[in-house]
1. Among DSSP bridges having both ends in the range 52-179, what percentage is antiparallel? Round to the nearest 5.
2. Per-residue HN-Hα couplings for the range 149-161, Karplus 6.51 cos²θ - 1.76 cosθ + 1.60 at θ = phi - 60°, whole Hz, x for Gly and Pro?
3. Hey, what do the phi angles of the range 134-147 turn into as Karplus ³J(HN,Hα) couplings, whole Hz, using 6.51/-1.76/1.60 and θ = phi - 60°, x for Gly and Pro?
4. Find the accessible area per residue for the range 62-147; the probe is 1.4 Å, ligands and nucleic acids are left out, and the unit is Å².
5. Roughly how many Å² of Phe89 are accessible to a 1.4 Å probe, to the nearest 10?
6. In whole Hz and in residue order, list the ³J(HN,Hα) couplings for the range 61-68 that follow from phi through the Karplus curve 6.51 cos²θ - 1.76 cosθ + 1.60, θ = phi - 60°; x for Gly and Pro.
7. Return the long-range amide H neighbours of Ala150 (sequence gap of 5 or more, or a different chain), with a cut-off of under 5 Å between placed amide H atoms.
8. Taking a probe of 1.4 angstrom, what is the accessible area of Asp62 in Å², to the nearest 10?
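The values are calculated or read from the model by the stated rules, or taken from the named source; none is laboratory data. Model, not experiment: these values are computed from the prediction. Note: accessible area is taken over every heavy atom of the protein model, side chains too, but ligands, DNA and RNA are not part of it. Shrake-Rupley method; radii C 1.70, N 1.55, O 1.52, S 1.80 Å.
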Amino acid sequence: MNKTLSLASLVIAVSALSACASKVELDDAGKKPVPIESRGTQGSGATTDPRGVEPVTAQSIDPLNDPKGVLAKRSIYFDFDSFEIKPEFRATLEAHAKYLRDNKSRKISLEGNTDERGTREYNLALGQKRAEAVKRALTVLGVAESQLEAVSLGEEKPRAAGHDEAAWTENRRVDLRYL
């Protein structure tokens with residue numbers, strides 16, 4: 001009877017201990033533990049919410065609000081007395097065009113700006129030409145015209161104060177303002 005009681009106690013103890021033990025998953029090399037947050041999500045693009053509520057996917061975060069993303073760049077700069085879009089801004093325009101094509105309900109205002117040189121009338125016209133050039137580029141990239149509004153602010157809203165080339169360079173731009 002003592003042997004049966006001892007054996008039963010041993011089985012119960014082992015069962016209880018194994019129920020309390022947690023398994024630690026190892027990485028593919030079998031050397032490092034895999035964090036709980038990434039178990040079962042390799043390649044799925046989702047991570048587990050640390051509170052265990054629901055998966056968080058990359059698609060649930062609006063890329064427009066990512067300060068490190070290409071959509072954070074919302075100004076296109078121009079040379080003096082020009083409304084020609086420079087090649088270095090093509091990737092920025094392509095990214096905004098893709099975002100707008102994927103989000104048909106979003107609209108933007110394209111605000112053309114100039115530096116302080118030139119008359120008020122000339123700068124308003126140049127700012128409008130810059131805004132229209134960006135609008136044309138976005139429509140060529142597939143954005144609906146109904147999503148775009150081109151306006152000129154001329155020299156009225158400078159980004160940089162000053163009366164030198166550095167300030168003027170900052171002020172010759174079109175700002176993409178999401179509405």
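1. Of the beta bridges lying entirely in the range 52-179, close to 55 percent run antiparallel.
2. Result, rounded to whole Hz: 9, 9, 9, 10, 9, x, 9, 6, 10, x, 7, 10, 7.
3. Per residue, the Karplus-derived 3J(HN,Hα) values read 5, 4, 4, 4, 5, 5, 4, 7, x, 7, 5, 4, 5, 8 Hz.
4. Each residue of the range 62-147 exposes 55 Å² on average to a 1.4 Å probe.
5. The accessible area of Phe89 comes to roughly 30 Å².
6. Couplings: 9, 5, x, 5, 9, 7, x, 9 Hz.
7. Residues meeting the criterion, in which the H sits 1.01 Å from N, are Leu110.
8. It works out to around 50 Å².
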